[in-house]
Amino acid sequence: MSDLIRLKAEDVDDLNIISALLQDAVVFAGEIAFTPATRRFGLMAARFRWEEKPRTKRGLFRKAVADEPFERVRCGLHFDTVRAVRRKGFGQDEPARVLELLAITAQTTDQGVTLTLSFADGASIALDAEVIDAHVSDVSEPWRTPAKPEHALDE
């Protein structure tokens, strides 16, 4: 397999790296699960490989021409020590709903930490956890995609 990523987050700085890595990941609502008995929350996603830039070759007049498109890779994300999960903007009865992950943030509380996964169109998931204990792992070979995520800038 090519350069697959495996990371662990134990503090806010680590979590910021995972958040940047997963920006624009595509998630089906049906691939999100919380298991209260093990206190584990997890999801599967198709993440955009921001760390990979299309390779270029030099044309006749030294003009760069992309000869490979962008890539996505299947990855798993899970959080441990999760006590409760709250969804906003979508339900468990929508397994085919496609969500685009924008960011993962953390806020300290009296009981531990609240981790928020923010998605496009106002959807979100809040996780009440004891500590930040996140793991992300690529689980497939990358595949080509012609599209790069674009974001409109707010005025």
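If we keep just the residues of region 32-57 that are open to solvent by 70 Å² or more (accessible area, probe 1.4 Å) and among the β-branched types (Val, Ile, Thr), which is modelled with the lowest pLDDT?
Only one residue fits best here, namely Thr56.
Only one residue in Ala103, Ala120, Ala84 is closer than 14 Å to Ala134 by Cβ and at pLDDT 95 or above. Which one?
So the residue among Ala103, Ala120, Ala84 that is closer than 14 Å to Ala134 by Cβ and at pLDDT 95 or above is Ala103.
Test Ala126 against the criterion of being over 16 Å from Arg39 (Cα atoms) and either of a type in the set (A, V, I, L, M) or buried (at least 16 other Cβ atoms within 10 Å of the Cβ) (or both), and give yes or no.
no
Which of the residues belonging to region 84-94 are assigned to a strand (DSSP E or B) and open to solvent by 40 Å² or more (accessible area, probe 1.4 Å)?
Val85, Arg86, Arg87, Lys88
Considering only region 95-121, state which residues are open to solvent by less than 50 Å² (accessible area, probe 1.4 Å) and on the phi > 0 side of the Ramachandran plot.
Matches in region 95-121: Gly112 only.
Within region 1-31, how many residues turn out to be within 12 Å of the chain's Cα centre (by Cα) and open to solvent by less than 40 Å² (accessible area, probe 1.4 Å)?
8
Considering only region 115-152, state which residues are in a strand (DSSP E or B) and over 21 Å from Leu21 (Cβ atoms).
Going residue by residue through region 115-152, those that are in a strand (DSSP E or B) are 115-119, 124-129, 134-138, 143-145.
Correct list: Asp128 only.
The values are calculated or read from the model by the stated rules, or taken from the named source; none is laboratory data. Computed from a predicted structure; not experimentally measured. Every residue, glycine among them, receives a Cβ derived from its backbone with ideal geometry; neighbour counts consider all protein chains shown. All accessible areas refer to the heavy atoms of the entire protein, side chains included, with ligands and DNA or RNA removed. Shrake-Rupley method; radii C 1.70, N 1.55, O 1.52, S 1.80 Å.
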